[in-house]
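*Asks:* There's a structure below that I have some questions on.
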Amino acid sequence: MEAAFIDQLRRFATHPAARGLNDDAAVLRLGSTQLVLTHDMLVEGVHFLPSDPPETVAWKLLAVNLSDLAAKGAKPLGALLGFTLGDADWDRRFAQGLSRACAHFACPLLGGDTVSVPIASSRVFALTALGEASGPVPSRAGAVSGDTLYVTGTIGDAGVGLTMAQGDGVPIASLLSAYQQPVPQGVAGLVLAPIVTAMMDVSDGLLIDAQRLAEASGCAISLNLDAVPLSPALAARNGTARDARLDAATAGDDYQLLFTANLPLPALTCRVSEIGIVSAGRGLTLFDNDGAVRLPARLGWLHGAM
């Protein structure tokens, strides 16, 4: 459903800035300025729970957009908010959380729109983030045979944090925070942008996003499941066996950077793991220390999937 609708939009989204609707953000060139624009939405019951604190919903709304800017090597310039009005106290707490997030990420709120919705409707929030790139703006395309596949940070924490927020087990602060208050890798994106061949953020799941990178680049990616980085908290809770790693790699909401490169990496302040190789061909394959791993039926989150 989602892919089919985007295909319809591609018929008229022909401006070069749209990048064929195949990327995380638009790149609009204004003279010597490269303006990077991205837009994400959060829907109650889909992207956040009704029980989630409004302060963290606001944080997440900004963070997921800034993660897209990070994948383009862009520095945030500001944001526009689309907000559905509801309970006054909930709205007040959301505004407080957004204020803290904007200050933390040095991304000023520039404007937006507010609307009223029918009582008992799900809350829906949208945000457009604007950034500026001073150098190369990597896309999902560009990976070539011989490149190495890397990912920043750890994978799967947010997925477990979501289950904890839903009442599964005793909450672990770091995992719950990964789900409710993700931290985009903006500094790493700025450092990596000049040397990567392709880069995107991991939002819908490591496997589905690796597959998308392979498709956009017209290449094959072989991913080492045993190399997928797990946090100590997640490993202690779920273990590190194949099933646990598959769960982590398909969970989504990680907001780490997935990228390919064929040069030595510069020094980074975040963890970086080598997780696969790029070769000629098409698609995604998995392996671990025991051999080939069959792709799961579900690689990650896809809107409208049955």
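The values are calculated or read from the model by the stated rules, or taken from the named source; none is laboratory data. On a predicted model such as this, the values are computed, not experimentally measured, just so you know. So basically every Cβ, Gly included, is an ideal-geometry build from the backbone, and we count neighbours across all protein chains shown. To get the accessible areas, we keep the full protein, side chains included, count just its heavy atoms, and leave off ligands, DNA and RNA. Shrake-Rupley method; radii C 1.70, N 1.55, O 1.52, S 1.80 Å.
*Asks:* Out of all DSSP beta bridges with both ends in the chain, state the antiparallel percent to the nearest 5.
*Replies:* Rounded to the nearest five, the antiparallel share is 75 percent.
*Asks:* For the chain, modelled as a GNM with alpha-carbon contacts under 10 angstrom, which of Ile172, Ile119, Ile221 fluctuates the most?
*Replies:* Sorting by GNM fluctuation, first place goes to Ile119.
*Asks:* Residue by residue, what Karplus-based ³J(HN,Hα) values in Hz, rounded to whole numbers, does the range 125-142 have, using 6.51, -1.76 and 1.60 with θ = phi - 60° and x for Gly and Pro?
*Replies:* Listing the rounded values in order: 10, 9, 8, 10, 9, 10, x, 10, 10, 9, x, x, 10, x, 10, 6, 7, x Hz.
*Asks:* Quick one: which of 185-192, 154-161, 98-105 comes out on top by average Cβ neighbours within 10 Å, and what's the full order, highest first?
*Replies:* Those peptides, ordered most packed to least, come out 154-161, 185-192, 98-105.
*Asks:* Now a separate question. Can you give me the P(r) profile for the range 142-272? Cα pairs, bins 10 angstrom wide beginning at 0, each as a whole percent.
*Replies:* 13, 44, 33, 10, 1
*Asks:* Another question, then. Using the Cβ atoms and a cut-off under 13 Å, what net charge is assigned to the surroundings of Gly86, where Lys and Arg are +1 and Asp and Glu are -1?
*Replies:* On the way: positive: Arg92, Arg93, Arg123; negative: Glu44, Asp87, Asp89, Asp91.
Neighbourhood net charge equals -1.
*Asks:* Next up: What 222 nm value per residue comes from the helices of the chain, counting each DSSP H run with n ≥ 4 as -39,500 (n - 2.57) and dividing by all residues, nearest 500 deg cm²/dmol?
*Replies:* It comes out at -9500 deg cm²/dmol, rounded to the nearest 500.
*Asks:* Short version: ³J(HN,Hα) in whole Hz for each residue of the range 197-205, in order, from phi by Karplus 6.51 cos²θ - 1.76 cosθ + 1.60 (θ = phi - 60°), x for Gly and Pro, what are they?
*Replies:* Values, residue by residue: 9, 7, 7, 8, 9, 8, 10, 9, x Hz.
*Asks:* Which whole-number percentage describes the relative contact order of the chain, with Cα contacts under 8 Å and a sequence gap of 6 or more?
*Replies:* It rounds to 22 percent for the chain.
*Asks:* What is the spread of the Cα atoms of the range 8-165 along each of their three principal axes, largest first, in whole Å?
*Replies:* Per principal axis, max minus min of the Cα coordinates gives 50, 36, 35 Å.
*Asks:* Solvent-accessible area of Asp288, probe 1.4 Å, all protein chains present, reported in Å² to the nearest ten, please.
*Replies:* Accessible surface of Asp288 is approximately 10 Å².
*Asks:* So for Ser116, Ser177, Ser231, what's the accessible-area order with a 1.4 Å probe, most first?
*Replies:* Output order, biggest surface exposure first: Ser116, Ser177, Ser231.
*Asks:* If we sort 32-38, 165-171 on the protection proxy, mean other Cβ atoms within 10 Å, highest first, what's the order?
*Replies:* 32-38, 165-171
*Asks:* Once the Cβ-Cβ distance between Ile277 and Ser116 is put in as r, and R0 is 45 Å, what FRET efficiency do you end up with, to the nearest 0.05?
*Replies:* After rounding to 0.05, the efficiency reads 0.30.
*Asks:* Then there's this: I'd like the FRET efficiency for Asp89 and Asp168, computed as 1/(1 + (r/R0)^6) with the beta carbon distance as r and R0 of 22 Å, rounded to 0.05.
*Replies:* Efficiency at R0 = 22 Å is approximately 0.20.
*Asks:* Could I ask something else about it? Distances longer than 32 Å among the Cα atoms of the chain: what percent of all pairs is that?
*Replies:* Summing the P(r) of the chain above 32 Å gives 24 percent of all pairs.
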